[in-house]
Each structure stands twice: as C-alpha cells, then as structure tokens.
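What follows is a set of notes on a single structure, which appears directly below.
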C-alpha cells in the first residue's frame, strides 16, 4: 500500500488521558483510535495486525477440531437466570439495555450460557460428542476503570472456545490439547519465551485453572515463576499446600508482574446442569456433558506485544504480526530516477509475495520518514535515495537492531 | 468437513414464533440459531456463507480503493449530539446503556459520526483527500417489531463504506464507481437479474439517493420498475415530477414488492459541517469535505438469497455463496468398500480444490440424507452407494434442477 493514500498519519502525541504505553504507541502510529476509556476503533494498520493474530489463532483452533461460529452480543435475561449470572450482584460488569417492549437485555461478557443452550438443541446421544466450538466475537465488559489501553477494554474481540465432552477423561485429553495449542500460539506471536503456564484458582469442578501469563511490569497480576519448569503460580493460589502439590519450593520461585494473555478452564457441569445438557451413553443412561472454556483476547494480545516489543522510538513488530513485511522508504529527490526506482522495487517486492508499505510521500522529509517508520515498526526498512542511485544500491535496515547494510539493487528481493 | 463431526443437525421444525421463510430454512438447515426476534447466532454452515459474501464485498470495496477499519459499537453521547442524532425523538431505534460512572452510551446503528470525528484528526490538506473507508461491523437497531428473520435484525453485520471527497465533482465520480461496484456484487451473489437500481428520497444535499432493490413478495418496500431501462422508483418518490425527471411514463412501469439490499447516499456536508471536517485547498482556502455513505447488510443479503433461491425442499445456494462446493453423500452399507470409496472421493475432491461436506453418518438412512442435502442446498450432490460399486460409477445430482446422471468414478473430479 502507498502511504500517501493511507488515511491515517502518525501523530506526535497521544491523547492526554491515555496513560498506557500500548495505546499511546498504537494511537501515535495510527493503528487504533480512542473513542473513550477502554473503547478503541481499529484503523487499517491495526486491523492488519489483528487479522494476522486472528489467522494464527484460527489455524490453531481448527487444528484441535474447533468449529467456528459467531454468537450474538444481545442476550436474553431468561438464559442467564438459569446459571444465576444475570444479577448485577453476581456479575458486576454487565452492560444492560432494553428492547422497545421494555424487556431487559444484556450485552454478552462471555458466552457459556447461550452456547450451552444451542448445544442442547443438537446433542442427545454419545454420537454427538465431543464437540468443540469457537468464535472471534466482540465482548462487552462494563469495567469500573479502564486504564490499560487495549489490554483491558470495555469492548474487545475475544477468541473463546468451548469444549463439550462425554466424561472427565475425554475432557482432560482435550484440555491438554488446548494447552498445547495455546503454547503454539504464544510462540508464534513472539511471546513464547516470556509466557508462563500459570496455575490459578479453579472452580467447584477442578482444583486449578490455567492461565498463560506474559511477564511485563505493566501487568495487573502477580505470579511466582519457576524458570526451570517453565511454570508459574498466580498469587491467588500461592499457598504452601499448592507449592507442595506442584512439587516446588519457595526459594525456587521468583515474583514477577505479568498480564494474563490466555486462560483455560475446566467447567465440569457448572453450565450443563442448569441447562440440562445431557446425552444418552452407550448403555442408554443419561449423563451430563463435561465442559471447558478457553479464551484469548485478540486486542489484549496486540497490546501485550506492543508493551514488550517496543523501544523509545516506537513499536518493533515480530515478523508474524507486522502489518506489512517491508517498509519501502523513498527519500524525496528532484531526480525522477529515485522515484522510478522505488516504484519498480514496490512492484517487484509484491510480486515476490512480500506485503509492502511504500512511503511515497513527496512532502515529507527524510528524517520525518525515518521517525515514522521506527514508530510504525515494520521489521525491515528499505531506503531508496539519490545517494545509492549511481552505485545501484539501496540501504536495508532492521528495525529491531537498527543495523543497516547496503545491498545491490538486483539482490534486494 | 465430515457431517458426522458437525455439531449442528437439520431440524424438522423451526421455532413456532419464526414466521419468515428465510429464518425458517436457515434454522432448519443449521445455518443460524434464533436468540430472540431479530437476533440470530451464526452457526458453522451460516458462517461459511457469510464469509463468502464478505469476501466478495471486500474484493469490490478494495477495488474502489476502500481502506478497511473496525469502529466500535459503544458510542459517546457528545459525538452524536454534534449531528443532532443522539435524541430518541430524532432516531427511534437506539439501544442505550450506561457506564459504571453513570455516563450514557449508545450502541451504534450506523457510523457517520464517529468516522467523521476520526477523519478530522487526519485530514487537513487537499493532499489528504479523497479517502474511502469501510468496515464489516455489528450494528444494533432497536426495531419495534422484527418479523423478517435475518432480513431486519436488531443486531446484524453491515458493510458500510464512507467517502470523503474534495468537492461535488469528485464525489460524483466516486458515487458512480460505488454504484458499479454494487452492481458487480449483486451479480456475483446471483441476484443481479432481479435487483434494480432504484431512485429513492435524497436529503438536503441531493435530490435522490439510490437503493438496490431485489424483487420478492416478502419485501417491505414497494417500487415501480422499468424493465427496459433496468431501473426502479421507490413509491416514496413516485410523483409525476420524478417520472418526468427520469424520462419515464406511468404505463411503462410495473408495481412490485421488493427488499432493499443496498443503498448509496450523497451526504454532502451534513456531517462534515457539524464536525468541522474541512481541508485547505490548493489556493489556501478552507473547504468543507463532501461525504457519501454506502451500505450493504451481509445477513440481509443472505436472507434475501434464501427467500428467492429456495423451493419446498429447502435452500438452493448459488455456487458463489454455497457453504461447500460439493455435498458428498455416502449411502450406508454393510459393504465396507462403499465407505472406502466415499472416503477416497472425499480426499480426491479436496485435493482438486473443492470444498466438500461429506455425509459420512452411519446411523442416517438414505432418504434422510437426501432430504437433509436438499434442505442444506449445496449445488452439487455426489452419491456413493453400493449399487454403483460394481459398475465403478457414482450419481451426481444438481440441487437446482434435481437432475442426476451417472458418472464413472475416474471422471468425477
């Protein structure tokens, strides 16, 4: 894409009320726009990153037999009363509104209830199980405060998968597969090294849930990591009992701040019971369905990457998530041959399968272009200037290291 | 995909309160699930159709230089007060809710206001225009009644594009390009023949807006079509004055019921003025930006296709929108060779680039499978049975015509 056509521009300053680094950089780079605290529109550069994250997560969910759906935001009171989660005393972050006829409706903050209701229409026999259903869908959460940029939104896209299994053994096998899929995802987006499988509080059904916690000082969580075993314990379950249970000792653990980038949860019959989601087993006996839920916030993941992979100049996207593979920068010149060469490279790089943001702006100075490119954070910068024209070379700079080298024109691609 | 694994099943009956044919067939086929009137979850088969529609629309919007974004559902009061559209007396289908601090927020029913606000941050010079921005995003409209299935939802995905031009001449050129893009879209989804460019009421800025109206008896609109000129006039502007203006006479026109599947609208300065969205032209003079808006409801389009392309057995998807290219149906048999042959074909068809729904269910009878396949409406059915085994043939049936022929195994792909 030609940068002269892109409707966004970089900005020197983020809005004054924006205190989080992730949103500051993303707003300044033109990736997102702040509508209000915790509510951000996604602009073209941001959407490209979100789509790359989504594609990775979708691949991994399909690989563990997930079937994709899109459930609704608007939710009926009766559905949530079944599980006891309609009341604002139980769930304190509902957004509620009403239909013209006066019926109260809610905006879904999660989807266990409606999906369990849907499955009830299709599951009756052991032949109908197991089933795994997921979506990328907008959640609404009426957070009291929202100061972490896109890491804790009032409106945000979440991937949520729900598993429906015949029994605990079958559930546990899938739970392990989901755990592995999550590890793949965090490796692929470039957070693998600093993301820890973390033991957190379970529910009535299981002793623990598992979170994926990524180390960062801006995280809202405190965890105790065991470097050798690559696991962590959330402070909420940091007790002698749990330590013993996991076979670790206090002196092996280091306290860290972190952000929860994913969580997987054994739900047991918490939802299948009130919804009477049962099946007839091979012996003709009615059995309750065993459920699990598996979440990843797509925007939070983008925000976490920005918090961690950035420097004082801007964002440093990992290759897998960058909005474009290459930032091609033309240094404006009175010599038409510079522009012709940049245009030629733009076409050739795309022919070679690379996505390219081409800074073809004629009114911007070289320094401005370099600063913009560092802020936007595409991994590779290719600089076409008059200086390299005579020698038939361009400069190729790596955003991460700042190192640059001179390459012959015919060797660029 | 193997049908034995798909979590949905066909249903004999739609919910009793569902009176529209589109939702009845889509629910019975397992494409959607009704949460409440006008609110439908999209299930795997439905999502595949929606994604094909989305891909076509996205291609056409990119072809006319659209830049994709995703704006937010939650909307601040102050933004909509600028244009005078916050009041429930002006806009009667708002859903409103509030933040924990008591601030009222709305759920967007359209996005002129927030997008104009965003563009104001990026547009200042003639060099920044024109710009075209679009999204596929969930709209919320608090309809008093909602009885048309997915053709008039309270929550639905809409593609909305907004154009920002320097002057009326530039706007009009783009408006024509958008019109052509819309014609391409309706041709590609199989509604071209019965979709009419329709003159409808304009606004303070232009005499007319243009709707794309598709003929169907369940439509809520009445239009007067001119077959020769392939245009129509919405009854709301069906006056002698307009007829004369368009150079047509009453006796050339036929009254029809129709559904509005798209609309394009010249907005002039209706939004740029209150938002002070202006630019400095080449002569250094401040000028207002001229806007247009261009909408297509993705769910409504799916519903319209189902209303029109269906028979008493079920849906008849056009090739471009079908959830799968081929429905491969194995007639259960005690002879293992039947299943082996079906499995082989399943692999071969996919290798040849066809998407396949493979009805491998062992517990369903042949008649059930045929009825299900007719209801789901994939264009081509390939039937593998014991009968064809000895002769090395399969039966290939066209859903639309019901015609079937026998084809040698090695000629199927």
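The values are calculated or read from the model by the stated rules, or taken from the named source; none is laboratory data. All values reported here derive from a predicted model rather than from experimental measurement. Backbone-built Cβ (ideal geometry, glycine too); neighbour counts: all protein chains shown.
Exactly one condition in (1) within 11 Å of another protein chain (Cβ to nearest Cβ); (2) assigned to a strand (DSSP E or B) is false for residue B:144; which is it?
Tallying (1) within 11 Å of another protein chain (Cβ to nearest Cβ); (2) assigned to a strand (DSSP E or B), residue B:144 fails exactly one: (2).
Restricting attention to region A:35-46, which residues are under 17 Å from the mean Cα position of the chain (by Cα) and part of a loop (DSSP other than H, G, I, E, B)?
The answer is A:38, A:43.
Based on what the data block shows, is residue A:186 at pLDDT 95 or above and in a strand (DSSP E or B)?
no
Would you mind listing the strands (runs of 3 or more DSSP E) fully within region B:210-318 where at least 1 residues are buried (at least 22 other Cβ atoms within 10 Å of the Cβ)?
Working: elements: B:221-226, B:231-234, B:254-268, B:278-280, B:286-288, B:290-297.
Ranges flagged: B:221-226, B:231-234, B:254-268, B:290-297.
Testing residue B:198 on (1) crowded, with 23+ Cβ neighbours inside 10 Å; (2) in contact with a helix residue (DSSP H, G or I) (Cβ under 8 Å, 6 or more places away or on another chain); (3) assigned to a strand (DSSP E or B), one condition comes back false. Which one is that?
For residue B:198, the failing item is (2).
Mind listing whichever residues of region A:59-80 are closer than 29 Å to residue B:134 by Cα and touching a strand residue (DSSP E or B) at 6+ places or on another chain (Cβ under 7 Å)?
Within region A:59-80, the first condition is being closer than 29 Å to residue B:134 by Cα, and the residues that meet it are A:59-62, A:67-75.
The answer is A:61, A:67, A:68, A:69, A:70, A:71, A:72, A:73, A:74, A:75.
Filter region A:78-93 down to residues that are at the interface with chain B (Cβ under 9 Å from one of its Cβ atoms) and under 13 Å from residue A:141 (Cα atoms) and give me whichever is surrounded by the fewest Cβ atoms within 10 Å (Cβ to Cβ).
My answer is A:92.
Of all residues in region B:108-130 being within 11 Å of another protein chain (Cβ to nearest Cβ) and part of a loop (DSSP other than H, G, I, E, B), which is surrounded by the fewest Cβ atoms within 10 Å (Cβ to Cβ)?
By that ranking, first place goes to B:124.
Would you check which residues across region B:319-340 are out of contact with any strand residue (DSSP E or B) (no Cβ under 8 Å at 6 or more places or on another chain) and within 15 Å of residue B:384 (Cβ to Cβ) and list them? Write out each step before concluding.
Step one: filter region B:319-340 for residues out of contact with any strand residue (DSSP E or B) (no Cβ under 8 Å at 6 or more places or on another chain), giving B:319-322, B:332-337, B:340.
Result: B:332, B:333, B:334, B:335, B:336, B:337, B:340.
Exactly one condition in (1) at the interface with chain A (Cβ under 9 Å from one of its Cβ atoms); (2) in contact with a helix residue (DSSP H, G or I) (Cβ under 8 Å, 6 or more places away or on another chain); (3) on the phi < 0 side of the Ramachandran plot is false for residue B:37; which is it?
The single condition residue B:37 does not satisfy is (2).
Among the residues of region B:332-350, write down those that are touching a helix residue (DSSP H, G or I) at 6+ places or on another chain (Cβ under 7 Å) and farther than 15 Å from residue B:409 by Cβ.
Answer for region B:332-350, where residues must be touching a helix residue (DSSP H, G or I) at 6+ places or on another chain (Cβ under 7 Å) and farther than 15 Å from residue B:409 by Cβ: B:333, B:335.
I'd like the full set of residues that are within 11 Å of another protein chain (Cβ to nearest Cβ), under 20 Å from the mean Cα position of the chain (by Cα) and outside any loop (DSSP other than H, G, I, E, B), limited to region A:1-34.
A:27, A:32, A:33, A:34
What pairs can you find where one residue is in region A:54-77 and facing chain B (nearest Cβ under 10 Å) and on the phi > 0 side of the Ramachandran plot, the other is at pLDDT 95 or above and part of a loop (DSSP other than H, G, I, E, B), and their Cβ atoms are less than 8 Å apart, with a gap of 6+ or different chains?
Going by the 8 Å Cβ cut-off, the qualifying pairs are A:65/B:5.
On the basis of being in a strand (DSSP E or B), in contact with a helix residue (DSSP H, G or I) (Cβ under 8 Å, 6 or more places away or on another chain) and in the same structural domain as residue B:292 (by TED's automatic domain parsing), does residue B:49 make the cut?
So residue B:49 fails the test.
Just to check your reading of the model, which residue among B:133, B:105 is surrounded by 21 or more Cβ atoms within 10 Å (Cβ to Cβ), free of Cβ contacts under 8 Å to residues at least 60 places away in the same chain, facing chain A (nearest Cβ under 9 Å) and not in a helix (DSSP H, G or I)?
B:105
Tell me, please, whether a residue that is within 12 Å of chain B (Cβ to nearest Cβ) and either at pLDDT 95 or above or not in a helix (DSSP H, G or I) (or both) can be found in region A:163-180.
yes
Being modelled with pLDDT of 95 or more and touching a helix residue (DSSP H, G or I) at 6+ places or on another chain (Cβ under 6 Å), is that true of even one residue in region A:244-261?
Within region A:244-261, one or more residues are modelled with pLDDT of 95 or more and touching a helix residue (DSSP H, G or I) at 6+ places or on another chain (Cβ under 6 Å).
With respect to residue A:162, is the statement that it is under 17 Å from residue A:276 (Cα atoms) and touching a helix residue (DSSP H, G or I) at 6+ places or on another chain (Cβ under 8 Å) true?
Spelling it out, residue A:162 is indeed under 17 Å from residue A:276 (Cα atoms) and touching a helix residue (DSSP H, G or I) at 6+ places or on another chain (Cβ under 8 Å).
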